[in-house]
Amino acid sequence: NAGVTQTPKFRILKIGQSMTLQCTQDMNHNYMYWYRQDPGMGLKLIYYSVGAGITDKGEVPNGYNVSRSTTEDFPLRLELAAPSQTSVYFCASSYMAKNTEAFFGQGTRLTVV
Amino acid sequence: GESVGLHLPTLSVQEGDNSIINCAYSNSASDYFIWYKQESGKGPQFIIDIRSNMDKRQGQRVTVLLNKTVKHLSLQIAATQPGDSAVYFCAETSISGQNFVFGPGTRLSVLP
């Protein structure tokens, strides 16, 4: 049982480059989330999805895009990378957003130079 | 003792002592809360949860207390071990009920 899998684990981008952070879960969870965690800080919600075809903005969506074409996958797209996007990105999933825990991936450490 | 670090508040305890980590939550209508543990270089892992119709829940070596009057959660860890060193986050269901809101986190450091 893989749970939540994120790729890549590490990436260095140049300013202005684009990339997609991949996230897939095999628990048939409806809800999926992308968080970013800056050094020594808490988790901030970027985007979330309550099911295939449905996405919504979180607290810090600017500079990012998402799509949810399947229940399993929830990729996060950075179109024009900026140094402010240097962070660790966590994908998570849950069956619901209450009364059940969210399961997290191992994270993607992104550095924009 | 407890001190505020550069970003995260840090709690330092002696091995074998009990630890108490506190969290203030924001939404008085929240009815579900979780404590997560995040070890260095890893994603957060579930420790224990509690629903708002309870004021205490116990797990293995951990207890969560909920005080809805002052919107306060605490996580108690009994006989703290070196493996308990990590950052601990509380989380609550958001106002929309569609995602989780995380607290700022507390770093627990276990001294030998």
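Just so it is clear, none of the values below were taken in a lab; they were calculated from the coordinates. Not measured: the values here are computed from a predicted model. Counting neighbours? That spans all protein chains shown, and the Cβs are built from the backbone with ideal geometry, glycine included.
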Net +/- balance of residues flanking A:Val112 in space, Cβ distance below 15 Å, scoring K and R +1, D and E -1: +3
Over 24 Å (Cα to Cα) - which of A:Lys57/A:Lys98; B:Lys42/B:Lys71; A:Lys44/B:Lys42; A:Lys44/B:Lys56 fall in this group: B:Lys42/B:Lys71; A:Lys44/B:Lys56
Relative compactness, the protein assembly as shown, computed as alpha-carbon Rg over 2.2 N^0.38 Å: 1.02
Directionally averaged projected area (convex hull, Cα atoms, chain B), nm²: 7.1
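Residues of B:90-100, mean number of Cβ from any other protein chain within 10 Å of their own Cβ, rounded to a whole number? Before the final figure, lay out each step's value.
Working: counts 1, 4, 1, 4, 6, 0, 4, 4, 11, 17, 12.
Taking all residues of B:90-100 together, the mean is 6.
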Debye, to nearest 20: dipole size of segment A:1-92, +1 on Lys, Arg Cβ, -1 on Asp, Glu Cβ: 260
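Only four residue types carry charge here, +1 at the Cβ of Lys and Arg and -1 at the Cβ of Asp and Glu. Report the dipole size of the protein assembly as shown about the Cα centre in Debye, rounded to the nearest 20.
With Lys and Arg at +1 and Asp and Glu at -1, about 260 debye.
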Under the Karplus curve 6.51 cos²θ - 1.76 cosθ + 1.60, θ = phi - 60°, whole-Hz ³J(HN,Hα) for segment B:33-45, x wherever Gly or Pro sits: 9, 9, 10, 10, 10, 10, 7, 4, x, 10, x, x, 10
Dipole moment magnitude, nearest 20 debye, segment B:1-106 about Cα centre, only Lys, Arg, Asp, Glu C-beta charged: 240
Whole-angstrom Cα spans of chain A along principal axes, big to small: 39, 28, 26
